[in-house]
Amino acid sequence: MAERPEDLNLPNAVITRIIKEALPDGVNISKEARSAISRAASVFVLYATSCANNFAMKGKRKTLNASDVLSAMEEMEFQRFITPLKEALEAYRREQKGKKEASEQKKKDKDKKTDSEEPDKSRDEDNDEDEERLEEEEQNEEEEVDN
Amino acid sequence: MADVVVGRDKCGEQRLVSLPLSRIRVIMKSSPEVSSINQEALVLTAKATELFVQYLATYSYRHGSGKEKKALTYNDLSNTAEESETFQFLADILPKKILASKYLKMLKEKREDEEEENDDSDESDDDEAES
């Protein structure tokens, strides 16, 4: 892999926001503490990936899946994350299903337009735009990596 | 404040994860043995990393020294890595800070110890040569 070392850092602004939201209001977080937590988060991703990969290998699978990540949390003694993670997974699956249905609905809407469905339709379009933007971002990242 | 808006997308809906998935994927793929990751595993890892950041920060703050001063410092974090079993894997990247003078003293003591050991081994070599 030809990535630069800074590609393995997580964005400081987002990390700082997560810390601030977790701590009581008005707590001062030193700059050194922020960058230490950010580094720790990158190491956590690597550690979790390596644990999850072991579970995938045991199952003779090449692709890491959701259950591998959940098993990794247990192995790493972060059992406390499992319940919120399962909830997030449910929410994610619902969201994906919703998007699929929304795009199917949109096709139907194109065939027969009625006034009552108009507001719903505009919301669906917003979601699609977000999705497209996200995909674009990811593509850009991958190009950067190749260089 | 801008902080109120964050964590939500432009439609005002709560987003599932706020860390960038593309970056999380790059970090995961930097591990040589990993060949591919499905989208659900990626989302879950990103979410787990958020929970981890929250947990590390609150744990270190609660067990730290700065509660009266309302501050979270590097030392609080390195203490956590040293003392908590769960956060042990961070010990290498969050080393305890020591004074340079103390480090030099440690280095000197170590060197003296080594010299003594060398002397001992020299003597035993001599013994062997004599016998």
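Each reported figure results from applying straightforward, stated rules to the coordinates on display, with no laboratory input. Since the model is a prediction, treat every value here as computed from it, not as a measurement. Neighbour counts are summed over all protein chains in view; Cβ atoms, including those assigned to glycine, are modelled from backbone coordinates with ideal geometry.
Placing dummy labels 7 Å off each Cα toward the beta-carbon, the span from residue A:75 to residue A:104 is 3.7 nm. Taking amide hydrogens as placed 1.01 Å from N in the peptide plane, the amide H of residue A:64 sits under 5 Å from those of B:36, B:37, B:38, each at least 5 positions away in sequence or on another chain. Label-to-label distance for residue B:84 and residue A:111 is 5.5 nm, based on points extended 7 Å past Cα in the beta-carbon direction. Give me the lysines in straight-line cross-link reach of residue A:110: C-alpha distance below 17 Å, same-chain residues under 8 apart excluded. Within the straight-line cut-off, residue A:110 pairs with A:99, A:100, A:121. Pairs with C-alpha atoms separated by more than 24 Å, drawn from the list B:67/B:96; B:70/B:96; B:67/B:97; A:31/B:110, are A:31/B:110.
Within a Cβ distance under 15 Å of residue B:71, other residues only, what is the Lys/Arg minus Asp/Glu net charge?
Numbers: positive: A:20, A:31, A:34, B:62, B:67, B:69, B:70; negative: A:25, A:32, B:68, B:76.
Cβ neighbours under 15 Å give a net charge of +3.
Taking amide H as placed 1.01 Å from N in the peptide plane, the amide H of residue B:72 sits under 5 Å from that of A:28, A:29, A:30, each at least 5 places away or on another chain.
Treating r as the C-beta distance of residue A:91 and residue B:69 and R0 as 41 Å, the FRET efficiency rounds to 0.60. In this simple spin-label model, placing a label point 7 Å from the Cα along the Cα-to-Cβ direction at both residue B:100 and residue A:7 gives a separation of 3.6 nm.
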